[in-house]
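Novice: Take a look at the following structure, please.
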Amino acid sequence: MRRHLRTLLASLGLFAASISPANAAEAPEQSETAPELSASETFRSQHTRVAELTRTRADSTKIEAAVDALLDYHSLAVQALGGAKRSAERCASRCDELELLLARLIRENYMRRVRTDKDHTVRFLGEETRGKSVRVKTEVEYSKDGRPVVVEVTYVMHASAGHWRVRDIITDGVSLARNYKYEFHQILKKDGIDGLIARLESKVTLVAKK
């Protein structure tokens, strides 16, 4: 079913169940340096590089470096904590630790996604500019019970230090950044930053075992 691949594509979150996302968080300030390539060209080039390194079973450090060049973990962490004006206050002295754990979780799930690409057809549909961000639109098609199923996946990119990097992934209208914001808010309200760090540590350990 359509939900099967949607769960795989949205598996970067802390929970597998669907949730009601909050409003979009405030994004960090954008770099004024114009990238040489377009957002679509950058994403396609970097995604293809990650896929090729994975296919050839390259050293894991090379694969991780290629993923890290594409995904903006800091932006996702700031959005997840409610925006630039709230993030430092909410994570206090554990901001670096939280960002590191979130990066490990997102990186590993992205790499797992790439490993399944051979079972799916990915089509690049172009890009759309919205303010300082560019949305790179794709479709992922796969077969379920002999029938084609199509899932829309949009990568929201922004210019960071002269390069386009992904600051959000939207799968069939569901935003990864918004999901994180909602989830983090619920955990922080109940268990504070220590509880959130503990939850992330458990999730990272679980993902690493798969």
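The values are calculated or read from the model by the stated rules, or taken from the named source; none is laboratory data. Keep in mind that what you see is a predicted model, and the values were worked out from it rather than measured. With ideal geometry, Cβ positions are generated from the backbone for all residues, glycine too; neighbour counts draw on all protein chains shown.
Novice: Would you check if there is a residue in region 128-144 being among the acidic types (Asp, Glu) and not in a strand (DSSP E or B)? Break it down stepwise before answering.
Specialist: First pass over region 128-144, keeping only residues among the acidic types (Asp, Glu): 128, 139, 141.
Narrowing further to those that are not in a strand (DSSP E or B): none.
Looking for residues that are among the acidic types (Asp, Glu) and not in a strand (DSSP E or B), one finds none in region 128-144, hence no.
Novice: Taking only region 178-202 into account, find how many residues are surrounded by 19 or more Cβ atoms within 10 Å (Cβ to Cβ), under 27 Å from Ala69 (Cβ atoms) and either charged (D, E, K, R) or touching a Lys or Arg at 6+ places or on another chain (Cβ under 7 Å) (or both).
Specialist: The total comes to 3.
Novice: What number of residues in region 80-92 are in a helix (DSSP H, G or I), among the aliphatic types (A, V, I, L, M) and either surrounded by 19 or more Cβ atoms within 10 Å (Cβ to Cβ) or in contact with a Pro (Cβ under 8 Å, 6 or more places away or on another chain) (or both)?
Specialist: Start the filter on region 80-92 by keeping residues that are in a helix (DSSP H, G or I), which leaves 80, 84-92.
Now drop any that are not among the aliphatic types (A, V, I, L, M), which leaves 80, 84, 88, 92.
Filter once more, so that each one left must be either surrounded by 19 or more Cβ atoms within 10 Å (Cβ to Cβ) or in contact with a Pro (Cβ under 8 Å, 6 or more places away or on another chain) (or both): 80, 84.
The number of residues fulfilling the criteria is 2.
Novice: Hey, among the residues in region 107-134 that are touching a residue at least 40 places away in the same chain (Cβ under 8 Å), within 22 Å of Ser38 (Cα to Cα) and not hydrophobic (A, V, I, L, M, F, W, C), which one's surrounded by the fewest Cβ atoms within 10 Å (Cβ to Cβ)?
Specialist: Gly126
Novice: Turning to a different aspect of this structure: Being of a type in the set (Asp, Glu) and in a helix (DSSP H, G or I) is the filter; apply it to region 168-210 and report the residue that is nearest to Leu102 (Cα to Cα). Please lay out each step first, then the result.
Specialist: From region 168-210, those of a type in the set (Asp, Glu) are 168, 172, 183, 191, 194, 201; that's our starting set.
Subsequent filtering for residues that are in a helix (DSSP H, G or I) retains 183, 191, 194, 201.
Details: Glu183: 13, Asp191: 18, Asp194: 14, Glu201: 9 Å.
My answer is Glu201.
Novice: Do we have any residue at all in region 93-103 that's polar (S, T, N, Q), assigned to a helix (DSSP H, G or I), surrounded by 13 or more Cβ atoms within 10 Å (Cβ to Cβ) and out of contact with any Lys or Arg (no Cβ under 6 Å at 6 or more places or on another chain)?
Specialist: We begin by selecting, within region 93-103, every residue polar (S, T, N, Q); these are 93.
Going one step further and asking which of them are assigned to a helix (DSSP H, G or I), we end up with 93.
Now narrow it down to the ones that are surrounded by 13 or more Cβ atoms within 10 Å (Cβ to Cβ): none.
Among the residues of region 93-103, not one is polar (S, T, N, Q), assigned to a helix (DSSP H, G or I), surrounded by 13 or more Cβ atoms within 10 Å (Cβ to Cβ) and out of contact with any Lys or Arg (no Cβ under 6 Å at 6 or more places or on another chain), which makes the answer no.
Novice: Which of (1) buried (at least 19 other Cβ atoms within 10 Å of the Cβ); (2) free of Cβ contacts under 8 Å to residues at least 40 places away in the same chain; (3) not in a strand (DSSP E or B) is the odd one out, the single condition Val156 does not satisfy?
Specialist: So Val156 meets the others, but not (3).
Novice: Scan Ala27, Ala77, Ala66, Ala16 and give me the residue that is in a loop (DSSP other than H, G, I, E, B), crowded, with 20+ Cβ neighbours inside 10 Å and either modelled with pLDDT under 50 or within 17 Å of the chain's Cα centre (by Cα) (or both). Explain how you work it out, then say what you get.
Specialist: On the way: Ala77 fails: in a loop (DSSP other than H, G, I, E, B); Ala66 fails: in a loop (DSSP other than H, G, I, E, B); Ala16 fails: crowded, with 20+ Cβ neighbours inside 10 Å.
None of the other options fit; the residue is Ala27.
Novice: Something else: Would you check which residues across region 83-112 are among the basic types (Lys, Arg), closer than 22 Å to His158 by Cα and out of contact with any strand residue (DSSP E or B) (no Cβ under 9 Å at 6 or more places or on another chain) and list them? Don't jump to the end; show me each part of the working.
Specialist: As a first pass, look at region 83-112 and keep what is among the basic types (Lys, Arg): 85-86, 90, 94, 104, 107, 112.
Those still in the list that are closer than 22 Å to His158 by Cα too: 85-86, 104, 107.
Across region 83-112, the qualifying residues are Lys85, Arg86, Arg104.
Novice: What pairs can you find where one residue is in region 192-210 and of a type in the set (Lys, Arg), the other is in a helix (DSSP H, G or I), and their Cβ atoms are less than 8 Å apart, with a gap of 6+ or different chains?
Specialist: Cβ pairs passing all conditions: Arg199/Ile187; Arg199/Asp191; Lys203/Leu105; Lys210/Arg112.
Novice: Let me ask something else about it. How many residues, within region 43-63, are part of a helix (DSSP H, G or I), free of Cβ contacts under 8 Å to residues at least 60 places away in the same chain and of a type in the set (A, V, I, L, M, F, W, C)?
Specialist: Residues flagged as part of a helix (DSSP H, G or I), free of Cβ contacts under 8 Å to residues at least 60 places away in the same chain and of a type in the set (A, V, I, L, M, F, W, C) within region 43-63 amount to 2.
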